[in-house]
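Student: Here's a structure for you.
The values are calculated or read from the model by the stated rules, or taken from the named source; none is laboratory data. All values derive from a computational prediction rather than experimental measurement. So basically every Cβ, Gly included, is an ideal-geometry build from the backbone, and we count neighbours across all protein chains shown. All accessible areas refer to the heavy atoms of the entire protein, side chains included, with ligands and DNA or RNA removed. Shrake-Rupley method; radii C 1.70, N 1.55, O 1.52, S 1.80 Å.
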Protein chains: 2
Amino acid sequence: MNNEGINLKAKTPLKFSTTTLVDQVEEKLLEYIRDNRLTPGDTLPNETLLSENMGISRNVIREAMSRLRMLGIIQSRTKKGITVVEPPLLTGLEKVTNPYLFSIRTIQDIMEMRIALEIGIVDFIFNNCTADDIDDLKKIVEQGQTYEDNHWPVELEKAFHQRIYEIAGNPFITQFQNIVHIIFEFAKTHYDSLFKPINETLKKQGKLVTHEDLYLFIRNGDRAGYSQAIKGHLSLYLDFMKKAEDTEDRTDN
Amino acid sequence: MNNEGINLKAKTPLKFSTTTLVDQVEEKLLEYIRDNRLTPGDTLPNETLLSENMGISRNVIREAMSRLRMLGIIQSRTKKGITVVEPPLLTGLEKVTNPYLFSIRTIQDIMEMRIALEIGIVDFIFNNCTADDIDDLKKIVEQGQTYEDNHWPVELEKAFHQRIYEIAGNPFITQFQNIVHIIFEFAKTHYDSLFKPINETLKKQGKLVTHEDLYLFIRNGDRAGYSQAIKGHLSLYLDFMKKAEDTEDRTDN
DNA sequence: AAATGTTATTTGTACTACAAATATACGGAA
DNA sequence: TTCCGTATATTTGTAGTACAAATAACATTT
């Protein structure tokens, strides 16, 4: 794989440019990797060479490299140089996921996406589910029987759903849900006053779907029943999202 | 918001550390933002101050900052310093999404996740769908009628599904699907020999679900029908994924 | 008071220097 | 010869200095 073709900063003084030199180098590097169809194991020119070729300070090259390194696209090793590797998909998502940085609208959209995934994996769950899976779910449900209705401690609730993602068997979905889980915790603790009445209403209407209900549907192989139930189980959040739109307070301290 | 509390590199010489100093500073900064519950608009200490406080070269601080800047967590402005902003969710995903970097297994998992989302938004679609949406879909389907069966040009196929995501109304799902679309294109062009026979088989069995079929289910408000159909429509990919497991050639050049 | 000019601060880029790691080459011993 | 240890050279990681450009805050003038 040749190391030429990266040529930036010819004569243009790029003042008043909205993007910095680092941004441009980063883009060039990504472009280089894509256009040359580099695959894991291939190497990039070393920093000093790039610096000379592009006529750009090594500092700037390093900043751009540092970004790709953070995303897991490249790895650097002394004397060996820089090699391309297979990056994890969701590193960036993990780093930016911080409820305090998000608007309520964003939080709603994230919750909605999680719900879509939870509904979308129903078939995977029933196709892959084993007796061991059911056993594990049963144990979790039994642990939760001391708590009434939907008021499980967050850790137990997380364990239950996480176990279900495992059954579905898609690592990215599992990881995604784990990452955004903190958003749900945040919403519940910060908008408790909105959740409580919704929960009460659902309970009165007999629409409250407990984790045990979900478990039973899985155990009984009732795909349609589970599908309906999971929607009901998560409708709590859907209702919350509608209500949250009215109360746009950010609960700063 | 106070600017203290970031204290790194006390006396520990951190040699033989697997993580670099930049990694640690990045982590410290994210930690600082989280722990102090900074919200968009809040400011971070400027680079020189951080450099002095932490006893770390400004270069290193800048590299870490550069990473957060890339993710959209912070913005820097001359003289004003560094301010926290609401980051986009999927910047990282977008940057790492490059089919040539992914193993077949990863590609499979991504495709599966896309399919899960496509199935999971069925309810959203039917809840939100308007007459205009149906009109637009109709136009796309009409454009596609010159092509037989599933052999739409990628752009048209993309437009159709993208329009459906728009109906569902979740910006992150739309964005996610757009980002990973390139993976599907890649799979189709690189594993055409696998797709063709699957398509033929489906056609013979009369199980081939065309985009027009999908459109009609939406137009007729047939939620269950659409749900079934979209699964059939995407089963092409599910079958592909099973087959791809056997042929682990990476088609390098 | 408004407009204009000045100053000081902060980021962006460039450059140098050196420590640490390590792949490679080299050399000696079995 | 082959194997093992050592030396060398290369490359990344970190530190530090310098300066240009932008701009917020302040000062001055009209």
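Student: Leaving out ligands and nucleic acids, note down the accessible area per residue over region A:91-244 with a 1.4 angstrom probe, in whole Å².
Tutor: Per-residue value: 41 Å².
Student: Counting other Cβ atoms within 10 Å, keep those with at most 15, restrict to DSSP loop, and tell me which GluC sites (Glu not before Pro) in region B:154-247 are left.
Tutor: The qualifying sites are B:245.
Student: Ignore the peptide's own chain and count Cβ atoms of other chains within 10 Å of each Cβ in B:168-176; give me the average, rounded.
Tutor: Rounded to a whole number, the mean comes out at 4.
Student: If I compute solvent accessible area with a 1.4 Å probe over the protein chains, what percent of it on chain A is carbon and sulfur?
Tutor: 48
Student: Decide, for region B:21-84, between rounded, prolate and oblate: order the square roots of the alpha carbon gyration tensor eigenvalues as a ≥ b ≥ c, take rounded if a/c falls under 1.5, and otherwise choose prolate if a/b is larger than b/c, else oblate.
Tutor: Cα axes put region B:21-84 in the rounded bin.
Student: What's the total accessible area buried between chains A and B, using a 1.4 Å probe, rounded to the nearest 100 Å²?
Tutor: Buried: approximately 5200 Å² between B and A.
Student: Still on this model: Relative to the other copies, what are the label-point distances for residue A:243, with labels 7 Å from Cα along the C-beta vector, expressed in nm at one decimal and sorted shortest first?
Tutor: Listed shortest first, these distances are 5.0 nm.
Student: Let me ask something else. What is the mean number of Cβ atoms from other protein chains located within 10 Å of the Cβ atom of each residue in peptide B:21-34, rounded to a whole number?
Tutor: Mean shielding by partner chains, rounded to a whole number: 2.
Student: Also, I was wondering about something else. For the pairs A:158/A:243; A:95/B:28; B:138/B:203; A:138/A:158, note any where the Cα-Cα span goes beyond 18 Å.
Tutor: Cα-Cα > 18 Å for A:158/A:243; B:138/B:203; rest within.
Student: For the peptides A:104-112, B:217-225, B:64-72, what is the packing order when you average, over each peptide's residues, the other Cβ atoms within 10 Å and list the highest mean first?
Tutor: Descending packing order for the listed peptides: B:64-72, A:104-112, B:217-225.
Student: Sort shortest first the distances from residue A:178 to its counterpart in every other copy, using label points 7 Å along the Cα-to-beta-carbon line, and give them in nm.
Tutor: For residue A:178, the inter-copy label distances come out at 3.0 nm.
Student: Still on this structure: Which residue in A is nearest the A/B rotation axis when you measure from the C-beta atom, and what is the distance in Å?
Tutor: A:92, 1
Student: Using a 10 Å cut-off around each Cβ of peptide B:111-118, what is the average number of partner chain Cβ atoms that fall inside?
Tutor: Partner-chain Cβ atoms within 10 Å, mean over residues of B:111-118: 6.
Student: Place the peptides B:36-45, B:78-87 in order of packing, highest mean first, counting for every residue the other Cβ atoms within 10 Å and averaging per peptide.
Tutor: In decreasing order of mean packing, B:36-45, B:78-87 become B:36-45, B:78-87.
Student: Can you give the accessible area per residue of region A:21-84, in Å², using a 1.4 Å probe?
Tutor: 44
Student: If each label sits 7 angstrom from Cα along the C-beta direction, how far apart, in nm, is residue A:55 from its counterparts in the other copies?
Tutor: 4.2
Student: Given a cut-off of under 8 Å on Cα pairs at least six residues apart, what relative contact order in percent is computed for region B:21-84?
Tutor: It comes to 42 percent, rounded to a whole number.
Student: A follow-up question, please. For chain B, what is the relative contact order in percent, using Cα pairs closer than 8 Å and at least 6 residues apart in sequence?
Tutor: Computed value for chain B: 18 percent relative contact order.
Student: Can you give the helix-only mean residue ellipticity at 222 nm for chain B, where every DSSP H stretch with n ≥ 4 adds -39500 (n - 2.57) and the sum goes over all residues, rounded to the nearest 500 deg cm²/dmol?
Tutor: The helix-only estimate for chain B comes to -20000 deg cm²/dmol at 222 nm.
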